[in-house]
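As structure tokens, the structure follows; a few thoughts come after it.
The values are calculated or read from the model by the stated rules, or taken from the named source; none is laboratory data. Here the structure is a predicted model, which is why all the values come from computation and not from measurement. Please note: Cβ atoms are built from the backbone with ideal geometry, for glycine as well, and neighbour counts cover all protein chains shown. Keep in mind that these areas ignore ligands, DNA and RNA; they rest on the heavy atoms of the full protein, side chains included. Shrake-Rupley method; radii C 1.70, N 1.55, O 1.52, S 1.80 Å.
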Amino acid sequence: LEVEETLVLIKPDGVARGLTGEILRRIEAKGYQLVDLRFVHADRDLLAQHYEEHQGKPFYEPLVEFMESGPVVAARVAGNRVIEGFRSLAGTTDPSSAAPGTIRGDLGRDWGLKVQQNLVHGSDSTESAARELALWF
Ligand code: DAT
Ligand code: MG
């Protein structure tokens, strides 16, 4: 077994659309464990650290603006190979092309959607999981 922890964020669009329960349900149904959970209205400083790898990219400013537009739900999630597994549950970054069966594929709204409004964040490696969990918890 390779038990890992990952950071999942339910982004402001997910919280505002009332999808928190549905997204957490999918995480638990898969067999992952919610180890810690909090509601956070993130400030710029936290988001700048969280998204430091994207600083300078064209989508960085709109992404941070969107992420500070409302509260997010942060979850510490544990499970066997959960870092890769949650990203698989989430689907690809752009909800328009995310596969059916995934969070972004099933719940992403195509009409008027911006790519940053893709409902969830999941850490992409053991290093980023450790770094991001320390930021949010
Ligand atoms: P992911 O969230 O799938 O790990 P990422 O880390 O590459 O994707 O990017 C972080 C977020 O930035 C992503 O969830 C949505 C936004 N984003 C990424 N690429 C984008 C693009 N080309 N245009 C607009 N937003 C983008
Ligand atoms: Mg990422």
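Using the structure shown, decide if LYS11 is in contact (Cβ under 8 Å) with a residue 60 or more places away in the chain and within 13 Å of ligand 2 (Cβ to nearest atom).
When the stated conditions are applied, LYS11 passes them.
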Being without any contact (Cβ under 8 Å) to a residue 40 or more places away in the chain and over 22 Å from GLU2 (Cβ atoms), is that true of even one residue in segment 78-89? no
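Yes/no per residue for (1) in contact with a Phe, Trp or Tyr (Cβ under 9 Å, 6 or more places away or on another chain); (2) part of a loop (DSSP other than H, G, I, E, B); (3) touching a residue at least 12 places away in the same chain (Cβ under 8 Å):
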position: ILE23; (1), (2), (3): no, no, yes
position: GLU28; (1), (2), (3): no, no, no
position: ALA42; (1), (2), (3): yes, yes, yes
position: LEU46; (1), (2), (3): yes, no, yes
position: GLN49; (1), (2), (3): no, no, yes
Within segment 85-103, restricting to residues that are in contact with a strand residue (DSSP E or B) (Cβ under 7 Å, 6 or more places away or on another chain) and under 21 Å from TYR60 (Cβ atoms), the one that is most open to solvent (accessible area, probe 1.4 Å) is ARG87
Assess whether SER123 counts as being surrounded by 13 or more Cβ atoms within 10 Å (Cβ to Cβ), under 11 Å from THR6 (Cα atoms) and either of a type in the set (Gly, Ala, Ser) or within 14 Å of ligand 1 (Cβ to nearest atom) (or both). yes
What is the one condition in (1) closer than 21 Å to VAL115 by Cα; (2) away from ligand 2 (no atom under 15 Å from the Cβ); (3) basic (Lys, Arg); (4) within 15 Å of the chain's Cα centre (by Cα) that ARG44 does not satisfy? (4)
